[in-house]
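Working notes, structure below.
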Amino acid sequence: MINFEASSNTISNLFFVPFVLLLPTLALGDCTCDTDEAKRSDSSEMLHYKLGSIASVLVAGALGVSLPLLSRRIPTLDPKNDIFFMVKAFAAGVILATGFVHILPDAYESLTSPCLKDNPWGKFPFTGFVAMMSSIGTLMVDSFATGFYHRQHFSPSKQVPADEEIGDEHAGHIHVHTHATHGHAHGSAVSSEDAETSELIRQRIISQVLEIGIVVHSVIIGISLGTAGSIDTIKPLLVALSFHQFFEGMGLGGCISQAEFESKSTAIMATFFSLTTPIGIAIGMGVSSTYKENSPTALTVEGVFNSASAGILIYMALVDLLAADFMNPRLQKNLKLQLGANISLLLGSGCMSLLAKWA
């Protein structure tokens with residue numbers, strides 16, 4: 001067996017390194033629009049709210065991502081049960097609404113701000129273009145990574161050679177029948193094992209690419225809360241982001257659960273997700289004195305990264321999560337399960353969309 005964890009780190013690094021390099025530029029740049037200083041609240045009181053938000057968001061994210069991982073110990077939530085289809089549909093609805101309702105409008109607002117120069121930002125729809133290219137890039141990574149793992153695991157040297165004795169024309173009836181039966185049974189077993197391995201590879205790639213898209217967005221919204229200058233702004237953000245992280249964590253946790261990573265890798269991925277928004281809040285608190293949310297640099301970086309994140313999440317939700325499950329013969333043959341999955345999808349997307357009223 002190949003080492004999935006070691007090989008897959010390359011994919012995460014390709015996405016995350018550019019983000020880390022450009023993150024400090026959020027606090028730089030000349031401001032072209034004045035910020036409203038009148039709404040700024042007492043700094044000590046804001047500090048208490050921001051510290052409280054770190055704890056609240058951390059607990060909500062950890063709880064959300066951990067619940068699906070308990071499926072290994074709760075038979076009802078096992079991926080082989082019908083109920084798991086509905087749980088996964090709900091989670092996919094949350095991720096889809098996050099991309100369409102939360103991230104994409106924020107990206108559009110940033111890249112069409114009057115604080116940016118009309119040329120080029122007002123001359124071309126960069127929000128949709130970046131989201132489209134991000135979706136195409138995700139498809140390419142998904143395809144190339146899956147192909148790479150398939151070539152590594154299903155290389156000709158690892159294939160079982162066919163039974164040469166079947167081709168002997170002069171063999172007796174009993175001999176041919178016995179070996180043909182043996183070859184057929186062996187081939188079925190190998191085919192079944194290969195199918196399971198292929199599905200496992202797919203689930204691991206999905207979970208890693210999905211976490212990349214979520215992490216980029218989580219850091220940005222954390223910075224937004226950390227740099228907020230008014231308690232009236234922080235209070236609704238605190239509540240909304242807690243629910244936001246909980247639902248988003250459920251979506252990611254479901255994918256990690258199906259990927260069947262080793263316990264150490266599962267813990268790392270869950271912890272990484274749980275810490276990203278609190279880290280973003282801490283970064284926002286650290287740069288709040290110099291951060292100018294209306295500066296061209298901040299607007300550009302936020303807009304581009306939000307657009308890319310939206311493209312990743314929309315692609316993953318529609319192609320890798322919903323399409324794969326909703327076209328599954330097991331779901332299509334069961335009308336009750338099909339209706340339940342569709343209702344769960346609407347509930348997940350509806351709940352997450354409702355949160356857009358506050359965050």
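The values are calculated or read from the model by the stated rules, or taken from the named source; none is laboratory data. This one's a predicted model, so the numbers in the text were calculated from it and none came from an experiment. Neighbour counts run over all protein chains shown; Cβ positions are idealised from the backbone, glycine included. For accessibility, only protein heavy atoms count, side chains too; no ligands or nucleic acids. Shrake-Rupley method; radii C 1.70, N 1.55, O 1.52, S 1.80 Å.
Taken per residue, the accessible surface of region 286-333 reaches 40 Å², heavy atoms only and a 1.4 Å probe.
Could you work out how far the C-alpha centroid of region 102-154 sits from that of region 225-250, in angstrom? Each part reduced to its Cα centre gives a spacing of 25 Å.
Coupling constants for region 143-150 follow from the phi torsions by the Karplus curve (6.51 cos²θ - 1.76 cosθ + 1.60, θ = phi - 60°), and in residue order they are 5, 5, 5, 4, x, 4, 5, 5 Hz; glycine and proline get x.
The phi-based Karplus calculation (6.51 cos²θ - 1.76 cosθ + 1.60; θ = phi - 60°) puts the 3J(HN,Hα) values of region 127-136 at 4, x, 5, 5, 4, 5, 5, 5, 5, 5 Hz, whole numbers, x for Gly and Pro. When the pairs K235/K357; K88/K333; K50/K264; K117/K357; K336/K357 are compared against a 24 Å limit on Cα-Cα distance, K50/K264; K117/K357; K336/K357 fall above it.
Carbon-plus-sulfur accessible fraction, region 279-359 (probe radius 1.4 Å, protein heavy atoms only): 67%. Ordered by solvent-accessible area of protein heavy atoms (1.4 Å probe), largest first, the residues F272, F84 come out as F272, F84. Phi angles of region 60-67 translate, via the Karplus equation with coefficients 6.51, -1.76, 1.60 and θ = phi - 60°, into HN-Hα couplings of 4, x, 5, 5, x, 6, 7, 4 Hz per residue; Gly and Pro are given as x. In the assembled protein chains, D232 presents an accessible area of approximately 120 Å² (probe radius 1.4 Å).
Highest average first, the peptides 344-356, 201-213, 277-289 ordered by how many other beta carbon atoms sit within 10 Å of their residues are 201-213, 277-289, 344-356.
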